[in-house]
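The values are calculated or read from the model by the stated rules, or taken from the named source; none is laboratory data. Everything quoted here is computed from the prediction, not taken from an experiment. Virtual Cβ from ideal backbone geometry, glycine too; neighbours counted across all protein chains shown. For accessibility, only protein heavy atoms count, side chains too; no ligands or nucleic acids. Shrake-Rupley method; radii C 1.70, N 1.55, O 1.52, S 1.80 Å.
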Amino acid sequence: MKGGVAASAVRAYPELAGLTDLRAAGWSFRAVADDEGEIGGLVGWRDTATCMDVLWIFDQDECRAARIMPAATAAPGELVWSRTGDLATCVAALLGLPGA
C-alpha cells in the first residue's frame with residue numbers, strides 16, 4: 001500500500017495497523033476472491049531461509065497464523081506453530097516469533 005492509502009485505511013479500520021508492521025518486516029499480501037469474484041479474505045506470507053509464515057484473514061475477528069517448514073528441511077511442509085484469533089492477536093503473535 002502507498003502511504004496515503006495505508007494511512008486512510010488504518011484511520012477507517014484501526015485493526016489494520018499491524019499489517020503495516022508486517023509489510024515493513026517483508027510480508028506480501030494478496031486478496032482472495034470467492035466463487036462470485038468478491039473479496040472473501042486476505043492472505044499474507046513471508047518466506048525466510050528457515051521457514052514460511054502465513055496469515056489468513058477472514059474477518060477482523062477471524063484469523064489464522066502459521067509457521068511452516070520449507071521443503072528443503074528435514075520435515076518439509078510441517079506445521080510447527082499456529083494461532084487463531086482476532087487480527088491484532090495473530091499479528092502480535094507473528095511479530096513475536098523468533099526470526100520475525
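Quick one: in segment 65-91, of everything that is out of contact with any helix residue (DSSP H, G or I) (no Cβ under 7 Å at 6 or more places or on another chain) and closer than 18 Å to Glu15 by Cα, which residue is surrounded by the fewest Cβ atoms within 10 Å (Cβ to Cβ)? Working first, answer last.
Quick first cut of segment 65-91, residues out of contact with any helix residue (DSSP H, G or I) (no Cβ under 7 Å at 6 or more places or on another chain) only: 66-82, 84-86, 89-90.
Then drop every residue that is not closer than 18 Å to Glu15 by Cα, which leaves 84-86, 89-90.
On the way: Thr84: 13, Gly85: 15, Asp86: 15, Thr89: 15, Cys90: 23.
Residue satisfying both the conditions and the ranking: Thr84.
Among the residues that make up segment 46-60, is at least one of them hydroxyl-bearing (Ser, Thr, Tyr), open to solvent by 60 Å² or more (accessible area, probe 1.4 Å) and touching a residue at least 12 places away in the same chain (Cβ under 8 Å)? Break it down into steps so the answer makes sense when it comes.
Of segment 46-60, the ones hydroxyl-bearing (Ser, Thr, Tyr) are 48, 50.
Those left that are additionally open to solvent by 60 Å² or more (accessible area, probe 1.4 Å): 50.
Going one step further and asking which of them are touching a residue at least 12 places away in the same chain (Cβ under 8 Å), we end up with 50.
Within segment 46-60 (the criterion being hydroxyl-bearing (Ser, Thr, Tyr), open to solvent by 60 Å² or more (accessible area, probe 1.4 Å) and touching a residue at least 12 places away in the same chain (Cβ under 8 Å)), the answer is yes, since at least one residue qualifies.
For Glu38, work out the one condition from (1) more than 22 Å from Gly99 (Cβ to Cβ); (2) without any contact (Cβ under 8 Å) to a residue 40 or more places away in the chain; (3) open to solvent by less than 90 Å² (accessible area, probe 1.4 Å) it doesn't fulfil.
Evaluating Glu38 over (1) more than 22 Å from Gly99 (Cβ to Cβ); (2) without any contact (Cβ under 8 Å) to a residue 40 or more places away in the chain; (3) open to solvent by less than 90 Å² (accessible area, probe 1.4 Å) leaves (3) as the failure.
If I ask for residues that are part of a helix (DSSP H, G or I) and under 14 Å from Ala88 (Cα atoms), which ones from segment 9-44 would you list?
Of segment 9-44, the ones part of a helix (DSSP H, G or I) are 9-12, 14-24.
Within segment 9-44, Val10, Pro14, Glu15, Leu16, Ala17, Gly18, Leu19, Thr20, Asp21, Leu22 meet the criteria.
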